[in-house]
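The values are calculated or read from the model by the stated rules, or taken from the named source; none is laboratory data. These numbers were taken from a predicted model, which means no experiment stands behind them. When we count neighbours, we look across all protein chains shown, and the Cβ atoms used for this are built from the backbone with ideal geometry, even at glycine.
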Amino acid sequence: MKKPSITIFYQYDPWDSTIGGIQTTVSSFIKYAPPEFELRFVGITSERGRSLHQWHDMELQGRSLKFMPVLYIEDDNRRNLLFPTTLRYTLALLRHRFNSDFMHFHRLEPALATLRAPGDKTFFIHNDIHSQILSQEGGQKNTMLWRYAPQVYGRLERFLLNQFTEILSCNSDSMALYRDRYPEVADRVSLIRNTVDNELFYPLDPEIRDQRRRHQASRLGLSEETQFILFAGRLHPQKDPLLLIHALAKLQNPEAHLLIAGEGELRSDVEAEILKLGLASKVTLLGAMKQSQLAALHQLASVCVLTSKFEGLPLVVLEALACGTPIVSTRCGETPKLLSPQSGLLCSDAHPSTVAAALDQVLAAPGQYPAPSCLQDAHPYQAKTVIHEVYERMLARWRGRQPTPTAALS
């Protein structure tokens, strides 16, 4: 019996070390795709020997799929401001005619290439769009791709949205904004929980956790009493890593050490600020890491910190909580609705002294932020459960279009 096909579009290489919430979400939708679906992914590659614009039989985390790279990009962690990857990726897609029962889009622009293609299409909104707009209006122009032409993007958005069967937002404010702005598709816009993969992100036994923390400290030539602060994400204006460096300079805890897992266009600025403030012995830049490596850091860290200007529902928060690690975060995205007083602290403002005080408080009293409380807050976001619900709806729609009944989703 014919399987329904799903084609996922996003501009990344699933086999490369790229940190990002969208990348993680896409990988989870591949990993947990039910066997009832024929799976395809159209992305990019960092491997020069791989042929572009051709389907390759691949495997990702135990799931077989067909993979078509349409661009070669050596380092996806750094943006090309003159010719953005999104634009290059969209133009490359225009060479093809895609035929698929289902299509998933994690950016809007690539949907230009499938405007006239049949199929059930889903658009995922990953950011707090309202805060993103306010950030731009406040003069932070480098946080948005369409920062120089927001009205053009608005017209493009209105033009493309009608082709989608579902529009799923991980941020409740963005969901409300889209329903208000585009009433003609308001009934297709709904909330989706972002997800955490509990097969990768889980807590360690306290004794093992402490052993790994001490081992990490030894590897870096640090005291065995070191408490690690973890920042995981792109070094990008949205994430505001410079705020974190300035906060570190005001930290009172002498045993604190910051681990930065990620790459991006602000790396040189971050390095310069670290040297300027005399923090070289207090920070380790680890670069881009694979998900398994990142999970190991979450499992040994004392606290995970987020200093973003805006977010949807940041996956790094869910990943830390799933490992039993508390959070210190600016008030961004859905995080204020997710955290409990026993799983972390929200900063009242985005000032270095405020972030530093919150970090000092969590590091000084770890017992007030126990692992069970963190796990409880992360529990509703388990990837297997949330993603299964999305695929169940898709399969129900597909069955409804078939002339004969199909087998149930196992």
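Tabulated results
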read-out: Of all residues making up the range 255-271, the number that are acidic (Asp, Glu) and buried (at least 19 other Cβ atoms within 10 Å of the Cβ); value: 1
read-out: Test result for His388, farther than 26 Å from Thr24 by Cβ and of a type outside the set (Val, Ile, Thr); value: no
read-out: Selected residue (criterion: surrounded by the most Cβ atoms within 10 Å (Cβ to Cβ)) from residues of the range 305-338 that are in contact with a His (Cβ under 6 Å, 6 or more places away or on another chain) and small (Gly, Ala, Ser); value: Ala320
read-out: Which numbered condition Ser302 fails, given (1) crowded, with 23+ Cβ neighbours inside 10 Å; (2) touching a strand residue (DSSP E or B) at 6+ places or on another chain (Cβ under 7 Å); value: (1)
read-out: Filter result (over 15 Å from the mean Cα position of the chain (by Cα) and in a loop (DSSP other than H, G, I, E, B)) within the range 4-15; value: Pro4, Trp15
read-out: Set Asp187, Asp210: member being at pLDDT 95 or above, acidic (Asp, Glu) and not assigned by TED's automatic domain parsing to the domain that holds Ser302; value: Asp187
read-out: Residue in the range 35-44 that is surrounded by 20 or more Cβ atoms within 10 Å (Cβ to Cβ) and either of a type in the set (Ser, Thr, Tyr) or in a helix (DSSP H, G or I) (or both) present; value: no
read-out: Selection within the range 16-32 - within 14 Å of the chain's Cα centre (by Cα) and either part of a loop (DSSP other than H, G, I, E, B) or without any contact (Cβ under 8 Å) to a residue 40 or more places away in the chain (or both); value: Ser17, Thr18, Ile19, Gly20, Gln23
read-out: Residue within the range 236-252 that is surrounded by 15 or more Cβ atoms within 10 Å (Cβ to Cβ), farther than 21 Å from Ile327 by Cα and in contact with an Asp or Glu (Cβ under 9 Å, 6 or more places away or on another chain) present; value: no
read-out: Pairs with Cβ under 6 Å, 6+ apart, first in the range 380-401 and of a type in the set (Ser, Thr, Tyr), second surrounded by 15 or more Cβ atoms within 10 Å (Cβ to Cβ); value: Tyr381/Arg193; Tyr381/Thr195; Tyr381/Val196; Tyr381/Leu318; Tyr391/Pro34
read-out: Unique residue being of a type in the set (S, T, N, Q) and at pLDDT below 90 when the list is Gln151, Gln163; value: Gln151
read-out: Scope the range 84-106; condition among the charged types (D, E, K, R) and either assigned to a helix (DSSP H, G or I) or crowded, with 19+ Cβ neighbours inside 10 Å (or both); matching residues; value: Arg88, Asp101
read-out: Strands (runs of 3 or more DSSP E) lying entirely in the range 175-262 (those with 3 or more residues that are more than 20 Å from the chain's Cα centre (by Cα) and in contact (Cβ under 8 Å) with a residue 24 or more places away in the chain); value: 256-261
